[in-house]
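**Student:** Take a look at the following structure, please.
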Amino acid sequence: ERGAPGCRYQFRVAALGDAAVGKTALLRRFVAGAAGSLEPGPERAAPTAGLECYGRALRLPAGPRVKLQLWDTAGQERFRCITRSFYRNLVGVLLVFDVTNRKSFEHIPDWHQEVLATQGPHRAIFLLLGHKSDLESARCVSAQEAEALAASLGMAFMETSAVNNCNVDLAFQTLATAIQQAL
Ligand code: GDP
Ligand code: MG
């Protein structure tokens, strides 16, 4: 993709999964950093009907500086009305479920399939995320079964929390590294 200033690569990435699993919080945590607020800024006060885009650059371990162009669905996921052209242009996808929401885990193969169905010879790189890992007492999806699902779909898995800022940078770092290695 077209370069960003000071960056060798720009990767178009999206967070996909059921409504309320924490996609927006995860993206905001990554963009704002540990000290940042998860609340939308004034420009986000009135959510648009469309997609929202965030950006952040990061340096890959022993690699180049890359810019992540991060796309967030702003409620369309509720109605599954995301366009094929949106999926087709993604190079990386965070498939997000909520570890306290069993249904959101069961829907992961559907989200994966929706993206795959649009892809040409260049397949997006996927990473499975079990989000809200801070809610340990309410957990109803084990790390082992998520690990098994990820393996069966051919992707890596990790658990994240936007509240604790746990593994947030690592998740994006891992995805970007895998994308870069597949170029
Ligand atoms: P989206 O619909 O997937 O974009 O989900 P949101 O980011 O809007 O989050 C849905 C709800 O989950 C909100 O009430 C968030 O505050 C909450 N949430 C998001 N991430 C986390 C997390 O890591 N831990 C906890 N405990 N709650 C979270
Ligand atoms: Mg959202």
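The values are calculated or read from the model by the stated rules, or taken from the named source; none is laboratory data. None of these values were measured; they are calculated from a predicted model. Every residue, glycine among them, receives a Cβ derived from its backbone with ideal geometry; neighbour counts consider all protein chains shown. Each accessible area value is taken on the protein alone, full model and side chains, heavy atoms only, with ligands, DNA and RNA left out. Shrake-Rupley method; radii C 1.70, N 1.55, O 1.52, S 1.80 Å.
**Student:** Restricting to segment 74-98, count the residues that are over 16 Å from residue 31 (Cβ atoms), of a type outside the set (Asp, Glu) and in a strand (DSSP E or B). Show your work before the answer.
**Tutor:** First pass over segment 74-98, keeping only residues over 16 Å from residue 31 (Cβ atoms): 75-91, 93, 95, 97-98.
Next cut, of a type outside the set (Asp, Glu) only: 75-76, 78-91, 93, 95, 97.
Okay, now just the ones that are also in a strand (DSSP E or B), so 93, 95, 97.
Of the residues in that region, 3 qualify.
**Student:** Let me spell it out: the conditions are (1) within 16 Å of ligand 2 (Cβ to nearest atom); (2) surrounded by fewer than 18 Cβ atoms within 10 Å (Cβ to Cβ); (3) not β-branched (Val, Ile, Thr), and residue 94 meets all of them except one. Which number is the exception?
**Tutor:** Failing condition for residue 94: (2).
**Student:** Using beta carbons and a limit of 8 Å, which pairs, at least six apart or on different chains, have the first residue in segment 36-65 and at pLDDT below 70 and the second one assigned to a loop (DSSP other than H, G, I, E, B) and open to solvent by less than 30 Å² (accessible area, probe 1.4 Å)?
**Tutor:** Close Cβ pairs (under 8 Å, with a partner that is assigned to a loop (DSSP other than H, G, I, E, B) and open to solvent by less than 30 Å² (accessible area, probe 1.4 Å)) amount to 47/75; 49/75.
**Student:** OK, next. Condition first: within 12 Å of ligand 1 (Cβ to nearest atom) and either assigned to a strand (DSSP E or B) or modelled with pLDDT under 95 (or both). Now tell me which residues in segment 3-17 satisfy that.
**Tutor:** The initial filter retains those residues of segment 3-17 that are within 12 Å of ligand 1 (Cβ to nearest atom), namely 14-17.
Hits for segment 3-17 are 14, 15, 16.
**Student:** Further question on the same structure: Contact list please: Cβ distance under 8 Å, first residue in segment 1-18 and under 19 Å from residue 63 (Cα atoms), second residue part of a loop (DSSP other than H, G, I, E, B) and modelled with pLDDT under 70, pairs at least six apart or on different chains.
**Tutor:** Going by the 8 Å Cβ cut-off, the qualifying pairs are 9/1; 9/3; 10/1; 10/2; 10/3; 10/4; 11/1; 12/1.
**Student:** So for segment 157-178 (the condition being acidic (Asp, Glu), at pLDDT 95 or above and over 16 Å from the mean Cα position of the chain (by Cα)), does at least one residue qualify? Spell out how you get there, then give the answer.
**Tutor:** Applying the first criterion (acidic (Asp, Glu)) to segment 157-178 yields 159, 169.
Pick out the ones that are also at pLDDT 95 or above and you get 159, 169.
Next, only the ones that are over 16 Å from the mean Cα position of the chain (by Cα) stay: none.
Within segment 157-178 (the criterion being acidic (Asp, Glu), at pLDDT 95 or above and over 16 Å from the mean Cα position of the chain (by Cα)), the answer is no, since none of the residues qualifies.
**Student:** Here's a follow-up. Do you know which residues across segment 133-174 are outside any helix (DSSP H, G or I) and among the acidic types (Asp, Glu)?
**Tutor:** Of all residues in segment 133-174, those outside any helix (DSSP H, G or I) come to 133-135, 139-142, 154-167.
Correct list: 134, 159.
**Student:** Considering only residues that are open to solvent by 30 Å² or more (accessible area, probe 1.4 Å), in contact with a strand residue (DSSP E or B) (Cβ under 6 Å, 6 or more places away or on another chain) and more than 14 Å from ligand 2 (Cβ to nearest atom), look in segment 58-88 and name the one that is nearest to residue 14 (Cα to Cα).
**Tutor:** Of the residues in segment 58-88, the ones open to solvent by 30 Å² or more (accessible area, probe 1.4 Å) are 59, 61-62, 65, 67, 69, 71, 74, 78-81, 83-85, 88.
Still in the list and also in contact with a strand residue (DSSP E or B) (Cβ under 6 Å, 6 or more places away or on another chain): 59, 65, 67, 69, 71, 74.
Now drop any that are not more than 14 Å from ligand 2 (Cβ to nearest atom), which leaves 59, 65, 67, 69.
Values: 59: 19, 65: 19, 67: 13, 69: 8 Å.
Step by step, filter segment 58-88, then rank; the result is 69.
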